[in-house]
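Taking it in order: structure first as structure tokens, then the write-up.
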Amino acid sequence: MKIKSIILLLLIYFTGMSEKSYSQEKLKFYDLTKAESYVINDKGTETPFTGKYTSYKGKGTYVCKKCGAALYNSMDKFESDCGWPSFDDEIKGAVIRIPDPDGIRTEIECANCGAHLGHVFTGEHLTAKNVRNCVNSISLEFVPAKLESGRYGTAIFAGGCFWGVDYFLKKAPGVISVTSGYTGGTVKNPTYQEVCTGNTGHAEAVKVVYDPQKTSYEKLIRLFLEIHDPTQAGGQGPDIGDQYRSEIFYLNDDQKTIAENDLNILRAKGFKIATRVTKASEFYPAEAYHQDYYFKNGKIPYCHSYIKRF
Ligand SMILES: [Zn+2]
């Protein structure tokens, strides 16, 4: 992979600049209601059989109410008659277990934000996996596998190595999914190796699906412009090459207007903007090992960090 980047990273590390280079502001969490906060922040428990997901059978993903991280898949949900949604497995690495101070039960929390989810029980022999994640409905938000058409918005951004852009956008409130891929070039169905040559015209990009009731295209654009350097031409951070350029691929005229307006705001503040604004063309999802890269590998980005610009 990116040999140049690794060498540069090592150089930066050994010259002791790592702390400054990787400072990272905590991204905002969703606002919680009093009832949500009682369970999620104060480790309360909702009354059994009152939560909206106790017997819910929709196909999709249950995400954290506080931070939006994906926690459980509907295929791991089972009927336990305990009065709370029950799952016999979690999404790998999404949930942490902490023994209660009384030494009897084991609490489960969102690994990303520490939101209290409920408790986990083993040895009850309710399913083959012999585990019951007993979760408060109020700690969860359900995202259907099949998104209703017209209900969700899409945005496509390129801002250097897609691993880093994916990492920050996935953590943003209102974001349903982020897919890493390639777009803007001329080669059909490109591979990572082909894009790496810099000759396909494609940029490493992300496709973001978001809930317009919780965020907006403009909020996402502004976040995008604050997690990468929109003034760097010909690459991003240590990654140099056309495939690492900064570009906003708009899907309609409204998006184009918002993008140009936000870039003009930055120009007015003195930033020499390198970001291009281009009509979106076909988006090719990248190979599976590029998806969720930093989350799957438990690392933090080397090429992106949050810097306030708006
Ligand atoms: Zn969370």
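The values are calculated or read from the model by the stated rules, or taken from the named source; none is laboratory data. Please read these numbers as outputs of a predicted model, since none were measured by experiment. Glycine gets a Cβ as well: all are built from the backbone with ideal geometry, and neighbour counts include every protein chain shown. With ligands, DNA and RNA removed, areas are computed over all heavy atoms of the protein, side chains included. Shrake-Rupley method; radii C 1.70, N 1.55, O 1.52, S 1.80 Å.
Table for the structure above
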| quantity | calculated |
| --- | --- |
| Exclusive hit being under 20 Å from F49 (Cβ atoms), among the aliphatic types (A, V, I, L, M) and away from the ligand (no atom under 14 Å from the Cβ), set L126, L117 | L126 |
| Hey, G16 small (G, A, S), modelled with pLDDT under 95, open to solvent by 50 Å² or more (accessible area, probe 1.4 Å) and within 16 Å of the ligand (Cβ to nearest atom) or not | no |
| Leading residue by the ranking (surrounded by the most Cβ atoms within 10 Å (Cβ to Cβ)) among those in segment 276-307 that are in contact (Cβ under 8 Å) with a residue 60 or more places away in the chain and more than 19 Å from the chain's Cα centre (by Cα) | A280 |
| Tally of residues being part of a strand (DSSP E or B) and over 30 Å from T275 (Cβ atoms) across segment 123-177 | 9 |
| Segment 105-123 residues that are at positive phi and open to solvent by less than 30 Å² (accessible area, probe 1.4 Å), paired with ones that are more than 8 Å from the ligand (Cβ to nearest atom) and not in a loop (DSSP other than H, G, I, E, B) (beta carbon under 6 Å, 6 or more apart) | G118/I108; G118/C134; G118/V135 |
| Whichever residue in segment 86-97 is buried (at least 16 other Cβ atoms within 10 Å of the Cβ) and within 16 Å of the ligand (Cβ to nearest atom) and, among such residues, is farthest from G118 (Cα to Cα) | I91 |
| Of all residues in segment 54-77 being away from the ligand (no atom under 16 Å from the Cβ) and assigned to a loop (DSSP other than H, G, I, E, B), the one that is surrounded by the most Cβ atoms within 10 Å (Cβ to Cβ) | T54 |
| Filter result for L169 (among the hydrophobic types (A, V, I, L, M, F, W, C), within 17 Å of C67 (Cα to Cα), modelled with pLDDT under 95 and buried (at least 19 other Cβ atoms within 10 Å of the Cβ)) | yes |
